[in-house]
1. Would you mind working out the accessible area per residue for the chain, using a 1.4 Å probe, and quoting it in Å²?
2. At what distance in angstrom do the alpha carbon centres of region 80-114 and region 237-273 lie from each other?
3. With a Förster radius of 41 Å, plug the Cβ-Cβ distance of Lys118 and Val272 into 1/(1 + (r/R0)^6) and report the FRET value to the nearest 0.05.
4. In deg cm²/dmol and to the nearest 500, what is the mean residue ellipticity at 222 nm of the chain if only DSSP H runs of at least 4 residues count, each as -39500 (n - 2.57), divided by the residue total?
5. If we sort 251-260, 135-144 on the protection proxy, mean other Cβ atoms within 10 Å, highest first, what's the order?
6. Give me the aspartates and glutamates in straight-line cross-link reach of Lys254: C-alpha distance below 17 Å, same-chain residues under 8 apart excluded.
7. If R0 is 22 Å, what FRET efficiency do you get for Lys167 and Ala47 from their C-beta distance, rounded to 0.05?
8. Can you give the extra length, in nm with one decimal, that the chain gains between Gln206 and Lys102 once fully stretched, where that is 0.36 nm per residue apart less the Cα-Cα distance?
Amino acid sequence: MRYLTAGESHGPRLTAIIEGVPAGLSITADDINVDLKRRQGGYGRGARMQIETDQVEITSGVRHGKTTGGPITLHVINKDHQKWLEIMAVEDIDDKLKSKRKITRPRPGHADLVGGMKYRFDDLRNSLERSSARETTMRVAVGALAKRILAELDIDIANHVVVFGGKEIDIPEGLTVADIRQLASQSEVAVVNREREEEIKAYIDQIKKDGDTIGGVVETVVGGVPVGLGSYVQWDKKLDGKLAQAVLSINAFKGVEFGLGFQTGYRKGSQVMDEITWSEQDGYSRRSNNLGGFEGGMTNGQPIVVRGVMKPIPTLYKPLMSVDIESHEPYVATVERSDPTALPAAGVVMESVVATVLATEILEKFSSDNMEELKEAVRRHREYVKNF
Ligand code: EPS
């Protein structure tokens, strides 16, 4: 399975084409719209999310509610485009009009300046439009499709915020993936500990008043993962490596870790490795999950636990100093519309890209033509592993 996304933040629409989805997978636009709505939500989202009601249109690869095995095309309309018809026109427009929303004062921390240098733009809007996190809409749409594949294989996925703008969330012990999904979905700030909700919301309000932004750490957990996805035989076959790439490719993400992650650098080996157990009923298991579900770049059957850190959104209402690319004079950076935080939304994106990488890997290891064939192949593999 592979996919590409296309589209600009204020262009007419966003598009994704996904190839390699097995035939016979039940999918509706609503399955995807649920996640698009989740991505638009969360406390601290900005004005753009009030303009858009992201809804997918499926224009190929699905017939009578089931995938055909052909490439699937997904579209989401940018309602805001109606206000940007000339600025974002495909055809050339009058020079006077062009200067109307021209960006010459790059925002520190955004792709504006380097994008301009790399692609040789005199209007940094060209960098902004494609580098905007609006693109993540399509990664969530693709992820929703991937999650449908995972659900058919009884693989459960959830996401929650574990650090919000420096505030660590104390997480109750013993939560299942389903518990995490349910608790986080009831929270406007996507935390499982609801007692922290009001404090975090008040903090976001304060940050907004200050014209500032905050980021944080989000965690994706996946249960029911088959053993042996990914491989140690070659560097680019390690599945934790593939997941890390996908997570770091999310706008504003600066780091990723599995299980105890960076903490393992502070511990002895005896405090890190997960001891192996065996029982008649379940086969092999582990006493702990410090390694986050991976050994040798392969899934070991324990839940995958992956964390990503998102830096604060670089578009600030209280902008930082920058330089005008026409005059080279110091100026405050361009103020574009922004969100004080998009952390809960970023968690939805992370869950989506993790689901997409996992579904892709599963389709590589098992059959990829037909869903029933795939389900049978995974069932047989699980049986084999259980009796190993
Ligand atoms: C976003 C869309 C953007 C921003 C935000 C996230 O829309 P607009 O620029 O029209 O307000 O709200 O993106 C950024 C702040 C950014 O720097 O990319 C979205 O759909 O998530």
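The values are calculated or read from the model by the stated rules, or taken from the named source; none is laboratory data. Since we're looking at a predicted model, the values are computed, not measured. Cβ placement follows ideal geometry from the backbone for every residue including glycine, while neighbour counts extend to all protein chains displayed. The accessibility values were calculated without ligands, DNA or RNA, using every heavy atom of the protein model including side chains. Shrake-Rupley method; radii C 1.70, N 1.55, O 1.52, S 1.80 Å.
1. That works out to 50 Å² for each residue.
2. Their Cα centres are 38 Å away from one another.
3. 0.50
4. Details: 11 runs with 123 residues, N = 388.
That comes out to -9500 deg cm²/dmol.
5. Highest to lowest by the protection proxy: 135-144, 251-260.
6. Hits, sequence-local ones excluded: Glu219, Asp240, Glu351.
7. Working from the Cβ atoms, E equals 0.30.
8. 34.3 nm
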